[in-house]
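Everything on this sheet refers to the single structure shown next.
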Amino acid sequence: MPELVGLIIRTECGPGVLHQLTGVIAQHNGDITSVEIIESKPPETRIYFEIEITGDPAPITSGLAGLTVVHNVEIVKTFQKIYGKRIIIIGGGAQVGQVAIGAISEADRHNIRGEHISVDTIPLVGEQPLADAVRAVARLPRARAVVLAGSLMGGEIEQAVREVRAQGLLVVSLNMAGSVPDAADLVVTDPVQAGVMTVMAVAETAQFSLGRLKKKVF
């Protein structure tokens, strides 16, 4: 059974370093599921990998440590184990704060039971910044749902909502003016309840399924 392993590797700066690291990982049949350059300031770069492997990770870590460009290799817990699924709340500051109250309170209840759900927020104004932010959520690692918290959203934001839903992202909207509620998976009037229901929708420890709802507006 493959296991997901996190690695932080400190290396020299310069071109071709990432190529050398991924070559060693491939030689040992490691499947890279995520990679991020945490910091790159001469003379050193810090790179984080999440790798699926079968068996002992020691051959990979030894192979990486044997490269002349590598200063140190450390096995760490993956972001999935620590932070788990991510819920992103986007919109006006006051509404974002209220949704966050519900989401954080509900996430705490499930995380105590062994779930891992984290909540991120970004207050934004303006159609294009909001649309850009919605589209960017689909590129965020471990993002499972986005909550749109505002008083008026439509136009380009609605199009962005339809795009990310097509990519499998759950979209929850407050019951607001504009066309975004028509495009969302779920529409909730009360912002605190919107946060609660979003967490329930992504939590494996919750007895809740959007597919069983007879309506999508609450």
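Annotation note: of ILE101, ILE117, the sole residue that is touching a helix residue (DSSP H, G or I) at 6+ places or on another chain (Cβ under 7 Å) and at pLDDT 95 or above is ILE101.
Can you tell me which of (1) modelled with pLDDT of 90 or more; (2) out of contact with any strand residue (DSSP E or B) (no Cβ under 9 Å at 6 or more places or on another chain) is the one VAL188 doesn't meet? Tallying (1) modelled with pLDDT of 90 or more; (2) out of contact with any strand residue (DSSP E or B) (no Cβ under 9 Å at 6 or more places or on another chain), VAL188 fails exactly one: (2). Just a yes or no: is a residue in segment 202-211 in a loop (DSSP other than H, G, I, E, B), of a type in the set (A, V, I, L, M) and out of contact with any strand residue (DSSP E or B) (no Cβ under 9 Å at 6 or more places or on another chain)? Checked against the condition, which is being in a loop (DSSP other than H, G, I, E, B), of a type in the set (A, V, I, L, M) and out of contact with any strand residue (DSSP E or B) (no Cβ under 9 Å at 6 or more places or on another chain), segment 202-211 yields at least one hit. The residue that is surrounded by the fewest Cβ atoms within 10 Å (Cβ to Cβ), among those in segment 9-46 that are touching a helix residue (DSSP H, G or I) at 6+ places or on another chain (Cβ under 7 Å) and in a strand (DSSP E or B), is ILE32.
Across segment 128-155, the number of residues qualifying as under 19 Å from VAL187 (Cβ atoms) and acidic (Asp, Glu) comes to 0. Pairs are defined by a Cβ separation below 6 Å, a sequence spacing of at least 6 or placement on different chains, a first member in segment 23-43 that is outside the structural domain of LEU64 (by TED's automatic domain parsing), and a second member that is not acidic (Asp, Glu); no pair meets this definition. Filtering segment 99-153 to residues that are assigned to a loop (DSSP other than H, G, I, E, B) and among the hydrophobic types (A, V, I, L, M, F, W, C) leaves LEU124, VAL125, ALA138, LEU140, MET153.
Can you spot a residue in segment 71-91 that is farther than 30 Å from THR205 by Cβ, assigned by TED's automatic domain parsing to the domain that holds GLN193 and either out of contact with any Cys (no Cβ under 7 Å at 6 or more places or on another chain) or surrounded by fewer than 16 Cβ atoms within 10 Å (Cβ to Cβ) (or both)? No. Applying the condition of being without any contact (Cβ under 8 Å) to a residue 24 or more places away in the chain and small (Gly, Ala, Ser) to segment 119-171 and asking which residue is nearest to ALA107 (Cα to Cα) yields GLY168.
Counting residues in segment 192-199 that are at pLDDT 95 or above, outside any loop (DSSP other than H, G, I, E, B), assigned by TED's automatic domain parsing to the domain that holds ALA94 and touching a Pro at 6+ places or on another chain (Cβ under 8 Å) gives zero.
The values are calculated or read from the model by the stated rules, or taken from the named source; none is laboratory data. As the structure is a computational prediction, the values presented were derived from the model and not from experiment. No Cβ is skipped: glycine too gets one built from the backbone with ideal geometry, and neighbour counts run over all protein chains shown.
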